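Here's the structure we're looking at; comments come further down.
The values are calculated or read from the model by the stated rules, or taken from the named source; none is laboratory data. Everything quoted here is computed from the prediction, not taken from an experiment. We place every Cβ from the backbone using ideal geometry, glycine too, and count neighbours over all the protein chains shown. Heads up: the accessible areas ignore ligands, DNA and RNA and are worked out on the full protein's heavy atoms, side chains in. Shrake-Rupley method; radii C 1.70, N 1.55, O 1.52, S 1.80 Å.
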Amino acid sequence: MKMKFLKKISLRGKFSLTFKNLILFLKNLSFLKLAVAAGVGAGVVIFVLFYLENFFSTKPRWQIYLQKADNLYNMGKLKEAKKLYLDIREKFPSNPEMDRVNFQLGNTFHKLGFIHRACFFYEKVAFKNSSPYFFEARYNLALCYRKAGEFDKALKLAEEMIEKFPESEKIAEFYLIAADSLLENSKEKEAVSFYQRIIRSYPLTLSAQIAYLRLGNIFLSKNQYSEAALFYSHLIKDYPRSKLQEEALFNLSRCYIAQEKIEEALSFLFMLLERFPQSRFLPEGFFLCADVFLKKGEFARAREICEKILPFSGKNSAFAIKVKEKLAQSYEGEGKLKEAIKIYESILKQHPYIEDIYLRLGSLYLKEKEFVKAIRIFQAFVRYFPLSPDIFSAYLNLGIAFHREGIYSGAIKAFNNALRESSSREQKILVLSELANVCMKLELWGKAIDFLEQKISLLKKKEEKVKTQIKLVRCYLESGKLDVAKKKISLILKSFPQNNLSQLFDVAHLFSLAGEEEVACSIYKKILQVFSGEKGKVALCLFKIAKIRQKQGKIKEAISLYEKIVGMLKEKSLKDFSEKENTLINLADLYYFIGEYKKAVKLYLEALTLYPKDESDAWLVYQIGNCYRHLDLVERAEKFYRDLNERFPESVWANLSQAML
């Protein structure tokens, strides 16, 4: 006894001496060193106190360790608690509270997120029926099995507990674990049955509230919005103080958004705002409403919502970017492209690696004819995102921007890159069209022909083929290959689709210019056959043929055609016929040529009345005077000659009329 006492005294003395030395040492330290030393000293003091408590305590050491570990666990210091619990297992394997230690280790690892480790310790308690922690351990073990993806184990354990303890206050929670395990194991029907039983048998439990939410989510995922809304509505109505109302209100609004019942959706979102003003669901809910308004074309309402939720979306968060995109799209929808451009530019300034923004901004630059900016943005895209699935679109639009800016070499290079990146027949057709257009612009007829031939080989629709063949005929004509052009046009005329009229008119005109007037006439006659019921197109074809016959000197045929047109001009549908004046003048010229001066003067006067300020007035006045002169109506002739000299003194016809006077 004396020796033990002396050892204690000696220990106290050493401690006292060390402490005095520590005080002297600290006096010589700077403030920073003093702070560090103080921290170390505090740790030493805690250790010493713990040591002394163990030294002088009458409690068993394992109990002191367990008490300390429980205190740390309750304080949330899980790592420190875990270490002490594991020390107890190692140092005191025979202590009577080992079940508690294992249970607490399971809880600690569970909270730390180490689910499999938690299962290991729960299993040591859960299958010992004599343990006081048996029930709780089994419940927690079932939860951990489910979280670990071991759904069969979780279900089996839950069903065993339901069978053995049907009257337990936690039985609803076991039903919930069973239902969740079935759901996550893709056994939806069985899960729904369990959820419904919870609602029916245990309506006052938290599990019932969760069951309502789960059932709503199941039907929402299946796009059965009415059924989902029913369960969410029950949760909101029957459990007014439930925290689950937050998610239920949000999902209920989603149901109405999906059905485009935006007013109902907004009413529940405002209810969510009132009850949970800090809800994380609010911005997304309103965002979804804005998206629907955009799709419905209600751009002002979409913009109003986006502007309201933007301040709550986080300054530079991913969600804030999405909101800004929708805001820009609302401006796009209203045609306010400059405002949309500003928003996209601001996004790229802060986040220069968002693919979609580059493409949207580039397309807006194209619409605004800011081709240089479009070129820059698409060049940046192909540089930053060479492996993007949208690389084809970027090269294609880059080529279009170059083409419209008149940088044809850049356009050809970009289009060739787009052709290399094309992955579908449609994409190849699109690029070949653009390449052909550039080559036609540069009058590179041979290359244009090559690209158009490639395009035709890919086309399937007859109408599209004919449209491209007409363009091909033009290239052959421009390149001087008349024989090939004739063969191509004869094939086209055999099966002519109705939607390529304007191009066929152009080709006929080109044949006429090339001296192939009969080919041109055959084209116009084909158009007449196809559009026999459309007066405007018929009149135009007749005019074109009449003009060719007039040029060929086939006067009678030309007069007959022009007379047909004049007869048609009385109809209201031809009130704005583009060649009305030329028809009257040409027919009058022909009558004058064959000496039918009465008919000629009547037509000249009609043309002059319809178009009194036209550039051809001088010719008309001169010809009217000539007609009256030939009809021996001298006074009338002199009147028009004088009128010509007064109105058009510089005209060549005025000089000629003076000779007549």
Rel. contact order, % - alpha carbon contacts under 8 angstrom, at least six apart, the chain
3 percent
Show me, bin by bin at 20 Å from 0, the whole-percent P(r) of the chain based on Cα pairs.
12, 22, 25, 19, 11, 8, 4, 1, 0
Once you have the alpha carbon radius of gyration of region 264-413, what is it after dividing by 2.2 N^0.38 Å, with N set to its residue count?
1.21
Once every Cα of region 521-606 carries one equal point scatterer and solvent is ignored, give the base-10 log of I(q)/I(0) from the Debye formula at q = 0.10, 0.17, 0.20, 0.26 Å⁻¹, two decimals.
-0.23, -0.66, -0.89, -1.31
I'd like the accessible area for MET660: 1.4 Å probe, protein heavy atoms, all chains in place, Å² to the nearest 10.
80 Å²
If you add up the charges near CYS627, with Lys and Arg at +1 and Asp and Glu at -1, over every other residue whose beta carbon is less than 15 angstrom from its beta carbon, what do you get?
-1
Using a 10 angstrom Cβ neighbour count of at most 16 plus a DSSP loop assignment to flag exposed chymotrypsin sites (Phe, Trp or Tyr not before Pro), which longest range of the chain is free of such sites?
128-352
Could you check how much of the accessible area of region 419-484 is carbon and sulfur, as a whole percent, using a 1.4 Å probe?
47 percent
Count charges around PHE293 for me, please; just the other residues with Cβ under 13 Å from its Cβ, Lys/Arg as +1, Asp/Glu as -1.
0
Per residue, how much accessible area does the chain show when a 1.4 Å probe rolls over the protein heavy atoms, in square angstrom?
55 Å²
Could you please state how large a percent of the accessible area of region 622-661 is carbon and sulfur, counting protein chains only and using a 1.4 Å probe?
49 percent
Accessible area of region 285-416 belonging to carbon and sulfur atoms, whole % at 1.4 Å probe
53 percent
What is the Å³ per residue value for the convex hull set by the Cα atoms of region 361-508?
114 Å³
Over region 546-661, calculate the relative contact order: mean separation of alpha carbon pairs under 8 Å at least 6 apart, over the residue count, as a percent.
15 percent
Would you calculate a helix-derived [θ] at 222 nm for the chain, using -39,500 (n - 2.57) for each DSSP H run of n ≥ 4 and dividing by the full residue count, to the nearest 500?
-25500 deg cm²/dmol
Mean separation of Cα contacts under 8 Å, 6 or more apart, over the residue count of region 270-423: relative contact order %
12 percent
With just the Cα atoms defining each centre, how far is region 212-252 from region 277-337? Give it in Å.
25 Å
